[in-house]
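See structure below.
The values are calculated or read from the model by the stated rules, or taken from the named source; none is laboratory data. Quick caveat, the model's predicted, so the values are computed rather than measured. Cβ atoms come from the backbone with ideal geometry, glycine included; neighbour counts cover every protein chain shown.
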Amino acid sequence: MQQWFQDHPVVSYLLIFAFTAYIFNAVFRPGKLPILKEILVYVMMAVGCFILLILQIDKLPIIQCMGVAVIMMLMLRLRQLYDKWRKRKDGGNKPASETSGSR
């Protein structure tokens, strides 16, 4: 797989940029930014992704590591949605054993 990413640098760059944008938006987003700051953030992200592409081509598993991070973030999001659905289904009533936790 590493060799394929080395042979296709454009695809590698696009994957790195997409993973970086998702991670930024899911974890580090400070809220709504003005449009010029938003553009500046994505331009700086594009430059940083170029550096990550160089490291990927130099045989470091950047895309694979970022893929694992994105999968873990998606699993967390699915768990949060499941907990929210479960709470709504149960009517918000928790047994006494769950509400009396240690402080």
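Structural remarks
- The stretch 21-40, subset in a helix (DSSP H, G or I) and either polar (S, T, N, Q) or under 24 Å from Ile71 (Cβ atoms) (or both), residue farthest from the chain's Cα centre (by Cα): Phe28
- Selection count, the stretch 20-31, where residues are at pLDDT 90 or above and loosely packed, with under 10 Cβ neighbours inside 10 Å: 1
- Matching residues in the stretch 1-19 - criterion: being part of a helix (DSSP H, G or I), free of Cβ contacts under 8 Å to residues at least 12 places away in the same chain and surrounded by 12 or more Cβ atoms within 10 Å (Cβ to Cβ): Val11, Leu14, Ala18
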